[in-house]
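The values are calculated or read from the model by the stated rules, or taken from the named source; none is laboratory data. It should be emphasised that the depicted structure is a prediction, and the values quoted were computed from it without experimental measurement. In this analysis, Cβ positions are derived from the backbone assuming ideal geometry, glycine residues included, and neighbour counts consider all displayed protein chains.
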Amino acid sequence: MSRFMKKAFQDFDSYTPGEQKNDGSYCKLNTNESPFPPAPAVVQALADFDADMLRLYPDPTGRVLKEKLAAMHGVAPENIFLSNGSDDIINFAVLAFVDQDEEVVFPEISYSFYDVIAALHGVNVRRIPMAEGFSIDPEDYCDLNQNIVIANPNAPTGLALSSDQIRRIAASNPDHLVLIDEAYVDFGAETVIPLINEYDNLLVSRTFSKYAGFAGGRLGYAVGSKDLISDLTTIQYSTNPYNINRISMRLAEAIVDSDDYYRVNAGRIAATRARVCEKLQSMGFEVIPSKANFVFVRHASVDGGTIYEELKKRFVLVRHFDKAPISDYIRVSIGSDRQMDLFINKLQEVLSINQASEE
Ligand code: PMP
């Protein structure tokens, strides 16, 4: 830390991103990326991209992309906010909607970025304890009269609430923001985008990083009432008016045009997930039922830290959170069938060595 860091940030704990080992030597199952190539139209759009256009600023309104997204979701373009990845939405939403004397409420076990953003903006947080099996009891979030952020499906558990359960949360906190982070919704959960016309406090955030395999392209968006979107835009224009670069904007348009291709891939992930879960159970793992492109699992006798380390030695990367009460678990992204076979194979090796050393 330099001596210039302001006092408020001197002990600041920033978010720790997953390890990005992208030289091809690792089977990378740690940051929930897609194993599939881009749709043909996306590859074509990149090949056709006119580099000369990079001289010019991108359209700060993102009109074409917003129109396509709006048509896909059955809302108006004014209901859409574009962002450089969906982490930015959480940041802008806390900046725009949470007063210093208010709280941001979220589940105790969830995406750790929520904590970091709240701390960055110096707002209070309330972490609601989990219900049975790390689930979220929607009743715990009703009538709080506070701002609420819930990932649905939740991370890192993969458990999802139904649209009706989220409706109750939004309806019972009418004077506060209810932000539903749908980063992983495409792998089997229910979206609440159709509810945005009924609840003007409901903001839904989405990303192309997971189901559309566009983590490197950085495209997120939020869907909500026109007024919420206009407030987010005020904040965004005051921080980074050209937040989506021209290349990502063009490719994102091609992604929306290729939605069928990405839906098929999401279905393939769900099928692989089912197969992997069954296999893990047969190997002595407790598997939390996931609606996301990852699974959160714990072995009966080998702890999460050991499994993570031993897999890494074998060039398989998974995610381990070294904090109670989830330190026994590992989170494993669902990749291609080939990647998952390799993972299972290496995992069997790790378990057999560990079990032999116990005997
Ligand atoms: N929400 C959740 C729950 C996530 O796990 C992630 C990915 N780390 C994000 C949002 C942000 O993804 P991105 O910024 O790539 O859109």
Scanning for something modelled with pLDDT of 95 or more and over 23 Å from Phe187 (Cα atoms), does region 331-344 turn up at least one residue?
no
Name the residues in region 280-312 that are more than 12 Å from Gln355 (Cβ to Cβ), among the polar types (S, T, N, Q) and in contact (Cβ under 8 Å) with a residue 24 or more places away in the chain, would you?
Ser290, Asn293
Restrict the check to region 101-108 and report whether at least one residue is out of contact with any strand residue (DSSP E or B) (no Cβ under 7 Å at 6 or more places or on another chain) and in a loop (DSSP other than H, G, I, E, B).
yes
Conditions (1) within 20 Å of the chain's Cα centre (by Cα); (2) closer than 24 Å to Ala266 by Cα; (3) of a type in the set (Phe, Trp, Tyr) -> Tyr15 fails only (2)
Please tell me if Asp137 is out of contact with any Cys (no Cβ under 6 Å at 6 or more places or on another chain) and either buried (at least 18 other Cβ atoms within 10 Å of the Cβ) or in contact (Cβ under 8 Å) with a residue 12 or more places away in the chain (or both).
no
Could you please find all residues in region 231-254 being more than 16 Å from the ligand (Cβ to nearest atom), of a type outside the set (A, V, I, L, M) and either in contact with a helix residue (DSSP H, G or I) (Cβ under 8 Å, 6 or more places away or on another chain) or touching a residue at least 60 places away in the same chain (Cβ under 8 Å) (or both)?
Asp231, Thr233, Thr234, Tyr237, Pro241, Tyr242, Arg246, Arg250, Glu253
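Going through Thr272, Thr207, Thr191 one at a time, which residue ends up being crowded, with 23+ Cβ neighbours inside 10 Å and either at negative phi or touching a residue at least 60 places away in the same chain (Cβ under 8 Å) (or both)?
Thr207 is the lone residue from the list that is crowded, with 23+ Cβ neighbours inside 10 Å and either at negative phi or touching a residue at least 60 places away in the same chain (Cβ under 8 Å) (or both).
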Cross-chain or 6+ apart pairs with Cβ under 7 Å, region 217-230 first and under 15 Å from Asn245 (Cβ atoms), then of a type in the set (A, V, I, L, M, F, W, C) and away from the ligand (no atom under 16 Å from the Cβ)
none
Selected residue [in contact with a Phe, Trp or Tyr (Cβ under 9 Å, 6 or more places away or on another chain), at positive phi and not assigned by TED's automatic domain parsing to the domain that holds Gly213] from Phe321, Phe315:
Phe315
Which residue is nearest to Gln10 (Cα to Cα), if the candidates are limited to region 109-153 and must be assigned to a strand (DSSP E or B) and within 14 Å of the ligand (Cβ to nearest atom)?
Val149
Tell me yes or no: at least one residue of region 63-82 is under 23 Å from the mean Cα position of the chain (by Cα), in the same structural domain as Tyr211 (by TED's automatic domain parsing), part of a loop (DSSP other than H, G, I, E, B) and within 16 Å of the ligand (Cβ to nearest atom).
no
Which of (1) within 20 Å of the chain's Cα centre (by Cα); (2) surrounded by fewer than 20 Cβ atoms within 10 Å (Cβ to Cβ) is the odd one out, the single condition Asp101 does not satisfy?
(1)
Give me the residue from region 311-328 that is more than 21 Å from the chain's Cα centre (by Cα) and modelled with pLDDT of 95 or more and, out of that set, surrounded by the fewest Cβ atoms within 10 Å (Cβ to Cβ).
Lys313
Report yes if some residue within region 52-71 is in contact (Cβ under 8 Å) with a residue 60 or more places away in the chain, within 29 Å of Ser333 (Cβ to Cβ) and exposed (fewer than 14 other Cβ atoms within 10 Å of the Cβ); otherwise report no.
no
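Per-residue answers, yes or no, for (1) more than 16 Å from the ligand (Cβ to nearest atom); (2) out of contact with any Leu (no Cβ under 8 Å at 6 or more places or on another chain); (3) part of a loop (DSSP other than H, G, I, E, B); (4) at pLDDT 95 or above:
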| residue | (1), (2), (3), (4) |
| --- | --- |
| Pro174 | yes, yes, yes, yes |
| Ala183 | no, yes, yes, yes |
| Thr191 | no, yes, yes, yes |
| Ser205 | no, no, no, yes |
| Gly213 | no, yes, yes, yes |
| Tyr221 | no, no, no, yes |
Would you check which residues across region 17-34 are assigned to a loop (DSSP other than H, G, I, E, B) and more than 16 Å from the ligand (Cβ to nearest atom) and list them?
Lys21, Asp23, Gly24, Ser25, Tyr26
